[in-house]
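A.B. asks: Quick one: the structure is below, and I'll ask about it shortly.
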Amino acid sequence: QVQLVESGGGLVQAGGSLRLSCAASGRTFSSYAMVWFRQAPGKEREFVTAISRDGYTYYADSVKGRFTISRDNAKKMVYLQMNSLKPEDTAVYFCATTPRYPIPKDEQLYNYWGQGTQVTVSS
(Lines give C-alpha, C1' and ligand atoms only; values in the text may rest on other atoms or scores of the structure.)
Protein backbone atom coordinates (compact mmCIF):
# COMPACT_ATOMS: atom_id res chain seq x y z
CA GLN A 1 0.00 0.00 0.00
CA VAL A 2 1.27 3.45 -0.94
CA GLN A 3 0.15 6.70 0.63
CA LEU A 4 0.87 10.06 -0.95
CA VAL A 5 0.36 13.45 0.67
CA GLU A 6 0.81 16.66 -1.33
CA SER A 7 1.38 20.09 0.14
CA GLY A 8 2.62 23.54 -0.81
CA GLY A 9 -0.17 24.82 -2.98
CA GLY A 10 -1.61 28.31 -2.68
CA LEU A 11 -2.51 31.54 -4.39
CA VAL A 12 0.21 33.32 -6.33
CA GLN A 13 0.35 36.10 -8.90
CA ALA A 14 1.36 35.40 -12.47
CA GLY A 15 5.12 35.26 -12.75
CA GLY A 16 5.49 34.01 -9.21
CA SER A 17 6.78 30.72 -7.85
CA LEU A 18 5.59 27.86 -5.69
CA ARG A 19 7.19 24.67 -4.47
CA LEU A 20 5.01 21.62 -4.07
CA SER A 21 5.97 18.64 -1.96
CA CYS A 22 4.76 15.07 -1.94
CA ALA A 23 5.45 12.76 0.98
CA ALA A 24 5.29 9.08 0.16
CA SER A 25 5.08 6.01 2.32
CA GLY A 26 6.18 2.52 1.42
CA ARG A 27 9.45 0.66 1.32
CA THR A 28 9.74 0.71 -2.48
CA PHE A 29 9.86 4.49 -2.93
CA SER A 30 13.37 4.53 -4.37
CA SER A 31 12.45 1.85 -6.91
CA TYR A 32 9.48 3.72 -8.36
CA ALA A 33 9.09 6.65 -10.67
CA MET A 34 7.29 9.66 -9.21
CA VAL A 35 4.91 11.70 -11.28
CA TRP A 36 2.96 14.95 -11.00
CA PHE A 37 -0.41 15.39 -12.68
CA ARG A 38 -2.78 18.32 -12.55
CA GLN A 39 -6.48 18.82 -13.11
CA ALA A 40 -8.00 22.16 -13.98
CA PRO A 41 -11.73 22.80 -13.50
CA GLY A 42 -13.76 21.07 -16.17
CA LYS A 43 -10.73 19.35 -17.65
CA GLU A 44 -9.20 15.91 -17.47
CA ARG A 45 -6.22 15.15 -15.31
CA GLU A 46 -3.06 15.73 -17.31
CA PHE A 47 0.56 14.71 -17.02
CA VAL A 48 2.92 17.45 -15.86
CA THR A 49 6.28 15.88 -15.07
CA ALA A 50 7.97 12.71 -13.90
CA ILE A 51 11.24 11.58 -12.40
CA SER A 52 12.52 8.06 -12.77
CA ARG A 53 14.09 6.03 -10.00
CA ASP A 54 17.45 6.91 -11.58
CA GLY A 55 16.71 10.63 -11.65
CA TYR A 56 15.80 11.08 -15.30
CA THR A 57 13.20 13.78 -15.73
CA TYR A 58 10.38 14.29 -18.19
CA TYR A 59 8.19 17.34 -18.70
CA ALA A 60 5.05 18.29 -20.54
CA ASP A 61 5.77 20.88 -23.21
CA SER A 62 3.55 23.38 -21.40
CA VAL A 63 5.83 23.46 -18.34
CA LYS A 64 9.25 22.75 -19.83
CA GLY A 65 11.77 25.37 -18.74
CA ARG A 66 9.55 26.61 -15.91
CA PHE A 67 8.98 23.59 -13.67
CA THR A 68 11.59 21.34 -12.07
CA ILE A 69 10.93 17.98 -10.47
CA SER A 70 13.28 16.46 -7.92
CA ARG A 71 13.27 13.66 -5.38
CA ASP A 72 14.91 12.80 -2.09
CA ASN A 73 14.88 9.05 -1.66
CA ALA A 74 16.14 9.17 1.91
CA LYS A 75 13.19 11.33 2.92
CA LYS A 76 10.74 9.67 0.52
CA MET A 77 9.85 13.05 -0.87
CA VAL A 78 9.29 14.43 -4.34
CA TYR A 79 9.22 18.13 -5.10
CA LEU A 80 7.88 20.32 -7.86
CA GLN A 81 9.46 23.76 -8.17
CA MET A 82 7.20 25.93 -10.28
CA ASN A 83 8.53 29.23 -11.60
CA SER A 84 7.12 31.84 -13.97
CA LEU A 85 3.63 30.65 -13.15
CA LYS A 86 0.80 31.46 -15.53
CA PRO A 87 -2.96 31.60 -14.95
CA GLU A 88 -3.30 28.46 -17.08
CA ASP A 89 -1.25 26.59 -14.47
CA THR A 90 -4.21 26.91 -12.10
CA ALA A 91 -5.25 23.39 -11.13
CA VAL A 92 -5.25 20.80 -8.40
CA TYR A 93 -1.86 19.11 -8.47
CA PHE A 94 -1.54 15.43 -7.64
CA CYS A 95 1.46 13.20 -7.20
CA ALA A 96 1.46 9.57 -8.19
CA THR A 97 3.87 6.68 -8.33
CA THR A 98 4.44 3.86 -10.75
CA PRO A 99 6.80 0.93 -11.27
CA ARG A 100 6.13 1.02 -15.02
CA TYR A 101 8.74 1.88 -17.62
CA PRO A 102 8.42 3.81 -19.82
CA ILE A 103 6.63 6.09 -17.36
CA PRO A 104 3.04 6.33 -18.54
CA LYS A 105 1.34 9.67 -19.06
CA ASP A 106 -2.13 8.16 -18.93
CA GLU A 107 -3.69 8.77 -15.52
CA GLN A 108 -5.82 5.64 -15.94
CA LEU A 109 -2.70 3.56 -15.39
CA TYR A 110 -2.15 4.85 -11.87
CA ASN A 111 -3.68 3.25 -8.80
CA TYR A 112 -2.46 5.45 -5.97
CA TRP A 113 -3.17 9.17 -5.66
CA GLY A 114 -2.81 11.79 -2.99
CA GLN A 115 -5.60 14.20 -2.11
CA GLY A 116 -4.07 16.93 -4.25
CA THR A 117 -3.06 20.49 -3.52
CA GLN A 118 -4.69 23.54 -5.09
CA VAL A 119 -2.57 25.97 -7.07
CA THR A 120 -4.22 29.20 -8.14
CA VAL A 121 -2.39 31.72 -10.31
CA SER A 122 -4.00 35.13 -10.60
CA SER A 123 -3.47 37.39 -13.59
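The values are calculated or read from the model by the stated rules, or taken from the named source; none is laboratory data. Keep in mind that what you see is a predicted model, and the values were worked out from it rather than measured. Note: accessible area is taken over every heavy atom of the protein model, side chains too, but ligands, DNA and RNA are not part of it. Shrake-Rupley method; radii C 1.70, N 1.55, O 1.52, S 1.80 Å.
A.B. asks: How high is the relative contact order of segment 1-49, in percent, counting Cα pairs under 8 Å that sit 6 or more residues apart? Could you put the intermediate results ahead of the total?
C.D. replies: Working: 47 pairs, mean separation 14.0, N = 49.
29 percent.
A.B. asks: Output the Kirkwood hydrodynamic radius of the chain, Cα pairs only, in Å rounded to one decimal. Could you put the intermediate results ahead of the total?
C.D. replies: Values: mean 1/r = 0.0703 Å⁻¹.
In the chain this quantity evaluates to 14.2 Å.
A.B. asks: Continuing with the same structure: Can you list the HN-Hα couplings for segment 90-106, worked out from phi with the Karplus curve (6.51, -1.76, 1.60; θ = phi - 60°), rounded to whole Hz and with x for Gly and Pro?
C.D. replies: 4, 4, 8, 9, 10, 9, 8, 9, 8, x, 6, 9, x, 5, x, 9, 8
A.B. asks: Also, I was wondering about something else. From the backbone phi of segment 52-62, what are the Karplus-calculated ³J(HN,Hα) couplings (6.51 cos²θ - 1.76 cosθ + 1.60, θ = phi - 60°) in whole Hz, Gly and Pro given as x?
C.D. replies: Couplings: 6, 5, 8, x, 6, 10, 9, 9, 5, 4, 5 Hz.
A.B. asks: Calculate one ³J(HN,Hα) per residue across segment 63-77 by plugging θ = phi - 60° into the Karplus curve 6.51 cos²θ - 1.76 cosθ + 1.60, and present them in order as whole Hz with x for glycine and proline.
C.D. replies: Ordered by residue, 3J(HN,Hα) equals 10, 4, x, 10, 10, 9, 9, 8, 9, 10, 5, 5, 9, 6, 10 Hz.
A.B. asks: Using a probe radius of 1.4 Å on heavy atoms only, what accessible surface per residue do you get for the chain? Whole Å² is fine.
C.D. replies: On the way: 6580 Å² over 123 residues.
Spelled out: the 1.4 Å probe surface of the chain, per residue, equals 53 Å².
A.B. asks: Relative contact order for segment 21-123: what is it in percent, counting Cα pairs under 8 Å that are at least 6 residues apart?
C.D. replies: 31
A.B. asks: Expressed as a whole percentage, what fraction of the accessible surface of the chain belongs to carbon and sulfur atoms when a 1.4 Å probe is rolled over the protein heavy atoms?
C.D. replies: 46
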